[in-house]
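The values are calculated or read from the model by the stated rules, or taken from the named source; none is laboratory data. None of these values were measured; they are calculated from a predicted model. Reconstructed Cβ throughout: ideal geometry from the backbone, glycine too, with neighbour counts over all protein chains shown.
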Amino acid sequence: SVTTADGSAVVRIGNTSAICGIKAEVAEPNVNTPLEGYLVPNVELPPMCSPNFKPGPPSELAQVLSETVNKLLKGVRESLCIEEGKAVCVLYCDVVCINYDGNILDASVYAVVSALSNVRLPKITYDDGIVKATPDKTIELPLSRIPFSATFAIFDGFRDSSRPG
């Protein structure tokens, strides 16, 4: 686990592995969604995980993965409300691919979901416009909707020449 994070997890699917660390802070909610907090996923595919990735700005794949994880976790945002229209939690979910051997979407989703289930937040109260955190009292994140990701493929007409028949 990542000791500097509010929640973390390491996931391995085959030879693909990813780590997720989550940090939390308090913010004002969007006026259009006063009951929803913010979930900010960021998937990184550094050159160390595969020779296919180069240093520099996020690749198109990394951006698509971040956006897809964000869409899949939309239902989690409702559990981040502290006080309707006044205060919500913001969770920064940083996913780093450690080894890339395909299926990084599923690994990223599982890493974020596992880290979310591991999150421990200080007890936060809102009173007369003041947000107070009690670090010695921690609470788990109430997850009512947990997404699941499953990737598969069907190869029509493919014949493996290494197998007889």
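Scanning segment 18-53 for residues that are of a type in the set (Ser, Thr, Tyr) and within 14 Å of the chain's Cα centre (by Cα) yields a count of 1. Taking (1) over 21 Å from Val64 (Cα atoms); (2) at pLDDT 95 or above in turn, Val95 satisfies each apart from (1). In this structure, is Cys20 touching a Leu at 6+ places or on another chain (Cβ under 6 Å), over 22 Å from Thr134 (Cβ atoms) and not polar (S, T, N, Q)? Judged against the criteria, Cys20 is not a match. Scanning segment 59-100 for residues that are over 11 Å from the mean Cα position of the chain (by Cα), part of a loop (DSSP other than H, G, I, E, B), of a type outside the set (S, T, N, Q) and surrounded by 15 or more Cβ atoms within 10 Å (Cβ to Cβ) turns up just one, Tyr100. If we scan segment 97-106, do we find a residue that is over 27 Å from Pro47 (Cβ atoms), out of contact with any Ser or Thr (no Cβ under 7 Å at 6 or more places or on another chain) and among the hydrophobic types (A, V, I, L, M, F, W, C)? No, segment 97-106 has no match at all.
Among the candidates Ser17, Ser8, Ser114, the residue that is part of a helix (DSSP H, G or I) and either at pLDDT 95 or above or under 19 Å from Ile139 (Cβ atoms) (or both) is uniquely Ser114.
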